[in-house]
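Have a look at the structure below before the remarks.
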Amino acid sequence: MKRKAARPILITDADRSQAEQLRSRQVRYVLMMSIRGVCLLVAAILVGVKAPLLWLWLPLCLLGMVLIPWVAVILANDRPPKEQHRFRHREPEADETPRQALTDAPPPKTIDAD
């Protein structure tokens, strides 16, 4: 019996490839637009069966159909933050020495041609 290949363990700080980032954004976009379709379907069913509290459910469905595409486009065009811009509280490791401030050094010598 053939076993499914396990996903390799990530041992690097490198960013995900552009193709992986694009794929995850596409999946998220399709999922959100599917939710929009479900909102449309639910609204149509509620109107068709003349559900109680239609005055409450219909605006909620319509709000979902308007806001979800806007959020989906914003998130689909968004890229993950660069490593330097992520908020992390990182404690120095035991073997890592703290950085020392620069010592007072004389200014560099400037040679002027004039």
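Structural remarks
- The simple spin-label model puts a point 7 Å past each Cα toward its Cβ; for Leu60 and Leu22 those points are separated by 3.9 nm.
- Near Val30: Cβ cut-off under 15 Å, other residues only, Lys/Arg at +1 and Asp/Glu at -1. The net charge is +4.
- Loop-resident trypsin sites (Lys or Arg not before Pro) (DSSP state other than H, G, I, E or B) in the stretch 26-68 with no more than 13 further Cβ atoms inside 10 Å of their Cβ: Lys50.
Taken together, the values in this text are just the output of simple stated rules run on the coordinates, not laboratory data. Keep in mind that what you see is a predicted model, and the values were worked out from it rather than measured. Neighbour counts run over all protein chains shown; Cβ positions are idealised from the backbone, glycine included.
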